[in-house]
1. If we count every other residue with Cβ under 10 angstrom of B:Val90's Cβ, Lys/Arg +1 and Asp/Glu -1, where does the sum land?
2. What order do you get for A:187-196, B:143-152, B:46-55, B:85-94 when each peptide is scored by the mean count of other beta carbon atoms within 10 Å, highest first?
3. I'd like the distance between the alpha-carbon centres of the range B:70-114 and the range A:97-165, rounded to an integer number of Å.
4. Name the residue, out of A:Val54, A:Val221, A:Val211, whose mean-square fluctuation peaks in a Gaussian network model built on chain A with Cα pairs under 10 Å.
5. So how much slack lies between B:Glu88 and B:Val32, counting 0.36 nm per residue of separation and subtracting their Cα-Cα distance, in nm?
6. When N counts the residues of the range A:117-158, how does its alpha-carbon radius of gyration compare numerically with 2.2 N^0.38 Å, as a ratio?
7. For a quick check, take a GNM of chain A with Cα springs below 10 Å and name the residue from A:Ser142, A:Ser161, A:Ser91 with the largest mean-square fluctuation.
8. Efficiency by 1/(1 + (r/R0)^6): what FRET value for A:Gln125 and A:Cys66, r their Cβ-Cβ distance, R0 = 51 Å, to the nearest 0.05?
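Nothing in this text is a laboratory measurement; each read-out follows from the coordinates by a stated rule. Because the structure is a prediction, the values reported are computed rather than measured. With ideal geometry, Cβ positions are generated from the backbone for all residues, glycine too; neighbour counts draw on all protein chains shown.
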Amino acid sequence: MRWWTRGSITSEYRRPSVLRRLWRQRAALVGVFIIAALALAGVLAPIIAPYNPVKQDLAHVLLPPCPTHPLGTDHLGRDILSRIIYGARLSLFIGFLAVGLGLALGVPLGIVSGYYGGWADLVVQRLVDIMLSFPSFLLALSLVALLGVGLTNVILAVGVSTIPSFIRLTRGAVLVIREQTYIEAARAVGTGDGRILFRHILPNVTAPVVVQATLSLGVAVLMASGLGFLGLGVQPPTPEWGAMLGEGRNYIFSAPYVATFPGLAIFLAVLGFNLVGDGLRDALDPRLRLV
Amino acid sequence: MAGIGTYLVRRLGATLVALLGVSTIVFLMVRVLPGDPARVIAGLLASEEEVARIRTQLGLDLPLHLQYVRFLGALLRGDLGRSARTFEPVTLEIMHRLPNTVLLAISSSLLAAVLGIGAGALAATHANTVLDYTISTVVLFGISMPVYWLGTMLILLFSIKLRWLPAAGAEGPTSLILPTVTLASFSVALVARMTRSSMLEVMRSDYILTARAKGLPEHRVIRIHGIRNALIPVITVVGLQFGNLLGGAVLTESVFGWPGMGLLLVESIFSRDYPMVQGIVLVFAFLVAAVNLVVDLAYALVDPRIHYV
């Protein structure tokens, strides 16, 4: 093969990149668009929100959607659209930090458990068994009940409840990878465990972990807003979607829009993460496609 | 079926270890995490004597290892302590609410199984058609929808606008409909996904090809060979979903004022009734462990390809 033909031949047979494969999936693109729009709304909240989200206007309580308040006002006269825009900032912040916590603890534990096996595996797996005995929302609820309500504790509670799924997933992937010939070859040439873990194992578990992390973002948003709905999440007057929905429920007979729009925002955010997660899964490993 | 006895003993052992771990964590949660439960129960304005009295009453003044031994001993006798709010035995209050939660969980599981398997099988047999895409979209919506929002919207439509069904409470069979549909929504979607993927896999198997080659009509191929074999992993998903269902029950019961353990848990958290919270969390965890054990054993019995190692 001549050197000038080498590039064209390899590029002809090269598998399209993950981003390109993701780009081809319209559903995943819709998800990317939803998340990008919500993230942008959150970042630009001080500029684009028409009103102060916590400022009460008791002369205009429970107004239905109208030109001055496109999504209406709540029981304290606060503009629902502004609160939803600011709520995007908070919900995404909680989701990313909680899943970050789950990743930071779950992936290393899963790698150690899968790669070293033995006692480390036994201890980690029993820990996972115990954590999985608690339904994840119940685990988060119990932690918040004991730690107290508030932003930090919600992030901690939701983050801790995502740890076991990351441990299980990473361990499973490592168990397969560690039996591969290239790992055996690396060991045969005297490569140390640390180098094998960072150079060979970690990059190869990234794909399933990224998919799981994206899907977990949706679950984290659902859980955090569920806690808010029960009054055990971020406390008023902070605009948080779940808490807004919880408060709006009291006015479901007279002003149903107060509960409808925050719920729609939660649904859209979770849908966005699920679409991106499903798209990433199909792009990274089409064999895993479910629906 | 050589080795099933060993598998049974091993699986039972693992469950017992997990339950001991769960009990230990619940015990430690209340005692080790920041905050004094006695002070929390007594309230901020209570005197030191009052706090000390509650601490003695709950046994919190004893060394931790003694508290643990007492806790485990009581647990083995089915004694979960007394409610800090009503002073009634926790076990009694839980037993009073448990049937309602179990009823809701079972009705939702059944609905999820029937609708999910039906929708999944339909999507698989019509793969890559408009019907398949429609079902897939509905499934995705079901997975993404917060149960507490869906419940609120169902109340708005069926109780407020149409006045067909009661909005809250547990009076008569009609009051079970909306909570069941709400709680089942997520599981329906998940079961449909699993059924579709499992069935597509099964329909590519050699024995399906053989059945078709024998001249068996397509509906019989699907019914006898397709769905039956595809259902094995789906049964596991339905069982394992039980934990999530109990988590969702807390929210669903709160939306509909359904008098189950989930609502009791939320009420107990707000009234800082730690013995009750501890008891309910333990019962929930024990239920999940028991259902997981039954599902695992059923799976091992149903699928002859599983080796008991």
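1. -3
2. Result, highest mean first: B:143-152, B:85-94, B:46-55, A:187-196.
3. 25 Å
4. A:Val54
5. Difference between extended and current length: 17.6 nm.
6. 1.43
7. The residue that fluctuates most here is A:Ser142.
8. Numbers: r = 57 Å, r/R0 = 1.12.
It comes to 0.35.
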